[in-house]
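Notes follow the structure.
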4 protein chains.
Amino acid sequence: MRLSIQADLTYHFEHPSEVLLLLEAARAPDQAIHSERLSLSPAAEIARLDDSVTGERRAVFTGHGEVAISYTAKVELLARDANLKGAATTRVRDLPGEALRYLRASRYCPSDRFEAFVSTEFSHLQGGDKVAAIVEWIGGHLAYEAGVSDATTTAMDTFVDRAGVCRDFTHLAISLCRAAEIPARAVSAYAWKLEPPDLHAVAEVYLGGRWRLIDATGLAPIDGLVRVATGLDAADIAFMTIFGKADLVSQSFTIEQTKG
Amino acid sequence: MRLSIQADLTYHFEHPSEVLLLLEAARAPDQAIHSERLSLSPAAEIARLDDSVTGERRAVFTGHGEVAISYTAKVELLARDANLKGAATTRVRDLPGEALRYLRASRYCPSDRFEAFVSTEFSHLQGGDKVAAIVEWIGGHLAYEAGVSDATTTAMDTFVDRAGVCRDFTHLAISLCRAAEIPARAVSAYAWKLEPPDLHAVAEVYLGGRWRLIDATGLAPIDGLVRVATGLDAADIAFMTIFGKADLVSQSFTIEQTKG
Amino acid sequence: MRLSIQADLTYHFEHPSEVLLLLEAARAPDQAIHSERLSLSPAAEIARLDDSVTGERRAVFTGHGEVAISYTAKVELLARDANLKGAATTRVRDLPGEALRYLRASRYCPSDRFEAFVSTEFSHLQGGDKVAAIVEWIGGHLAYEAGVSDATTTAMDTFVDRAGVCRDFTHLAISLCRAAEIPARAVSAYAWKLEPPDLHAVAEVYLGGRWRLIDATGLAPIDGLVRVATGLDAADIAFMTIFGKADLVSQSFTIEQTKG
Amino acid sequence: MRLSIQADLTYHFEHPSEVLLLLEAARAPDQAIHSERLSLSPAAEIARLDDSVTGERRAVFTGHGEVAISYTAKVELLARDANLKGAATTRVRDLPGEALRYLRASRYCPSDRFEAFVSTEFSHLQGGDKVAAIVEWIGGHLAYEAGVSDATTTAMDTFVDRAGVCRDFTHLAISLCRAAEIPARAVSAYAWKLEPPDLHAVAEVYLGGRWRLIDATGLAPIDGLVRVATGLDAADIAFMTIFGKADLVSQSFTIEQTKG
């Protein structure tokens, strides 16, 4: 499938501030970037801090006054096998070194707190079947509802509140998987068919020797996700981090399927 | 300075469990490992997941029954400049890519919550002077006291409780530095002169183009720290992670200065 | 001083719901109610659950459809001595029985967590001087700022965030006083000169044999506060508790000084 | 049933400290105190702050040096109907005024957080049947396990951790009932057949016009509970509150059935 992505963000910076953008499609084996363009108006120098391990693309610039950020890309999603059934848990010694940290608790995913729950609820299952059951449990027990959570909401809050948005669903899925000793991380993605169009937060688990995307919200097909940033949780994958202050002026996303 | 390190840990594993050890001296530019030996009794295969970026050494084995873990090393600490005075904050674009994540909130370091405090209390200072003032503030406002904190204690708890142990002092130092937009991470270290001898938790900040160790507890000289693990906070640097269950049988550490 | 109070609240109830109103001026020795009227439109039966100990007035009705609640009163504030200087801490045995519970931690005032802080910061002071120092500390360290706190914010959050609204200032003042073993409670009040006019949340401490009002925000004169509800914290003094659901249609408060 | 109670507590007070004891059998319609004696050794004056509403008995004394506290009582438990089946929820307007506060969130029972969970899980049930289902849910999902919780553990923690002791079971039961708009409070009680003998923490709900005891742990028969203190949660019913510091020297409880 080929997708055309358009992101337009305008911010106003009262004082010059450094800005980190995680907005560009990642360089990953399961997606090919056919064309893309990141531009600032007025034009400004863009420094790059790309990550070779995850393929995450990182742009840094100094914002001042009103700045329009525009990102356009044409991306082809290659064969992506998100099937969980029967995928085996990888032994710790067989994990790639960089996967170890995705076994650990993080700001919004205090997985250490969920060990008893996971053990009681899902211990009869293994690997991909366990992850599938976790995703199903979340879908059955959480309501997708804006306004319940905010920037400080953790998976523990969401587990109690029983409601949240994509970020919260993903944090709980990650926490439960890590509590089951399955590496799990957060991925931001342009999501085809998501309504309204937006950057989506999904999870990714390491099973059977590779990473597999899961969407605990069920709001967008895995086959239509264009990977952007990868990290421990929402703290790592914000599409924009402002070292200083800025006001949002306007923001819009378009994600559309294109021919050939 | 040359240090001789001896760590002896004995655990009992009822069922076979994978164990991740972060117990060996890191390969780092400011320390040279002259000799070392990690051994298990009874002997078992040790897999390695060493990290080339931080130099962290990671050993994985399967524990079953009573297992004695022994680590001996002779390490020379090379010139280490921990001076903070006048060290400048590095601009985001000039950070090494792997330093970015040490600007973010983590499980025990919810730095996002401390922005107002740091801004009010330390905004008149910059770079190394700001870090020095943070360390001094912590020393003046926290009591070193066992029993106040536990495995779930965050820097927010410690900021309120005004007491804790090395791990808590370090979490608060890291949180305040990150809130000031200075990359900060946790380091476990064999600490010369620490009483009783133990693995110590300290912080490390990125200033003036390199990482610098700080010990908010002031309990051990920076010049006598042998680096072991590096991570976001205590979740990353535990010297032993057991994927399953085990009982501690005995544990002892010796860190001594040696001649030539 | 004589004050004229007017409160107008309109809500829409989709389903019949019981409503508890804590909106009327309390019967208290330091204020005299010259005239008052609580009315509902359309008219509905009002049951009363007034509290004889605190003088708190409680009205219960069943809301359905759009309901306009109107409260008008003319209240004379009698001599009120809010002076703290030199007021002595009352020994536990000399407290009125109902004051005991105001020594304890509550939903938004986890006073148990602040004992170390209070002990370090204020232990050189006693009684009213200690309370005055606590109020001054809060005024000097917290910013009055909307949007930082929400309905789940505790005094621990506020102590870290260093910002909040009247409810948060009051929760922190109460927590610190209780941690100093001084009974402290929350009071809602119509506050003369508060801008915009609203029900204000203030604290009240038991010193020298009687309760004394304190306003950690300093936004309204103690002499112009008309007491309404009294309780452990905001959980107890909400002016309206809906057992079911309702939407706010409109709300306005007027508090004005009147002649003789 | 007649029970003989013996409580012996010895504490050491370095400095003179006021002590509040909630250790004596309450004066309540469902229990008759045939004989009792509270004594201190060395003897000291005991002031009384008994509560006429709940029947809670409160003794205050000044402790200094080593003090032995002894309480002996013979109590007859009268007819006690703890049956929940079919008991109706009382409308807010029909509650006794003092029951209102037991609808609200408290330090360890943040009932406001559980509204969605209670609504989803138990909304098909009413009154006593709902409470019975809540008690059954807790019994089926929580493990009775020491060491998981501590003095700061809330019902939210316990809901996540899925384990705790009587205090934690009771906090969760209270929180879920309040979230269902059923007044619920904490009661400490000498519990016949509890092993080891101790003061037990149970809950009490207001249904069908009266309070009914419930024990979410199922560890002791309701018919063998001798009421002591009553309050919002554990913050209110501690059998001993020391305003200062003391060390426990020894402690023992005996609760036995007696003839005639």
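The values are calculated or read from the model by the stated rules, or taken from the named source; none is laboratory data. A quick note: this is a predicted structure, and the numbers were derived from the prediction, not measured. So basically every Cβ, Gly included, is an ideal-geometry build from the backbone, and we count neighbours across all protein chains shown.
Of the residues A:Val148, A:Val131, which is buried (at least 16 other Cβ atoms within 10 Å of the Cβ) and assigned to a helix (DSSP H, G or I)?
From the options A:Val148, A:Val131, the qualifying one is A:Val131.
Can you list the strands (runs of 3 or more DSSP E) lying wholly within segment D:158-228 that have 3 or more residues being crowded, with 24+ Cβ neighbours inside 10 Å?
D:184-191, D:199-207
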Here are some residues: C:Ser17, C:Ser4, C:Ser41, C:Ser35. Which one is small (Gly, Ala, Ser) and within 21 Å of D:Leu103 (Cβ to Cβ)? C:Ser17
Where residues in segment D:174-200 are closer than 13 Å to D:Glu256 by Cβ and touching a strand residue (DSSP E or B) at 6+ places or on another chain (Cβ under 7 Å), which of them is nearest to the other protein chains (Cβ to nearest Cβ)? D:Tyr190
With A:Val131, A:Val75, A:Val135 as the choices, which residue is farther than 30 Å from B:Gly231 by Cα and within 18 Å of the chain's Cα centre (by Cα)? A:Val75
Is one or more of the residues making up segment D:66-86 surrounded by 16 or more Cβ atoms within 10 Å (Cβ to Cβ), within 14 Å of chain C (Cβ to nearest Cβ) and in contact (Cβ under 8 Å) with a residue 24 or more places away in the chain? no
Output the residues belonging to segment C:15-39 that are in a strand (DSSP E or B) and within 14 Å of chain D (Cβ to nearest Cβ). C:His15, C:Pro16, C:Ser17, C:Glu18, C:Val19, C:Leu20, C:Leu21
Out of (1) modelled with pLDDT of 95 or more; (2) within 14 Å of chain B (Cβ to nearest Cβ); (3) part of a loop (DSSP other than H, G, I, E, B); (4) surrounded by 19 or more Cβ atoms within 10 Å (Cβ to Cβ), what's the single condition that is false for A:Asp51? (1)
Of all residues in segment C:54-91, which are part of a loop (DSSP other than H, G, I, E, B), under 17 Å from C:Ala28 (Cβ atoms) and of a type outside the set (Asp, Glu)? C:Thr54, C:Gly55, C:Arg57, C:Arg58, C:Leu78, C:Ala79, C:Arg80, C:Ala82
In segment C:111-128, how many residues are surrounded by fewer than 19 Cβ atoms within 10 Å (Cβ to Cβ) and assigned to a helix (DSSP H, G or I)? 6
Residues in segment D:190-204: is at least one in contact (Cβ under 8 Å) with a residue 60 or more places away in the chain, on the phi < 0 side of the Ramachandran plot and among the charged types (D, E, K, R)? no
In segment D:211-251, residue nearest to the other protein chains (Cβ to nearest Cβ) [restricted to those that are among the acidic types (Asp, Glu) and more than 18 Å from C:Ser106 (Cα to Cα)]: D:Asp247
Only residues that are more than 14 Å from chain D (Cβ to nearest Cβ) and either in contact (Cβ under 8 Å) with a residue 12 or more places away in the chain or not β-branched (Val, Ile, Thr) (or both): list them for segment C:104-125, please. C:Phe117, C:Glu121, C:Phe122, C:His124, C:Leu125
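What are the residues in segment B:244-260 that are under 24 Å from B:Ala151 (Cβ atoms) and at pLDDT below 95, if any?
B:Gly244, B:Lys245
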For segment B:92-102, name all the residues that are crowded, with 22+ Cβ neighbours inside 10 Å and facing chain A (nearest Cβ under 8 Å). B:Val92
Pick from segment B:87-103 the residues that are in contact (Cβ under 8 Å) with a residue 60 or more places away in the chain and charged (D, E, K, R): which of them is farthest from A:Glu45 (Cα to Cα)? B:Arg101
If you go through segment B:138-149 one residue at a time, do you hit one that is at pLDDT 95 or above, closer than 21 Å to B:Tyr102 by Cβ, within 14 Å of chain C (Cβ to nearest Cβ) and in contact with a Gly (Cβ under 6 Å, 6 or more places away or on another chain)? no
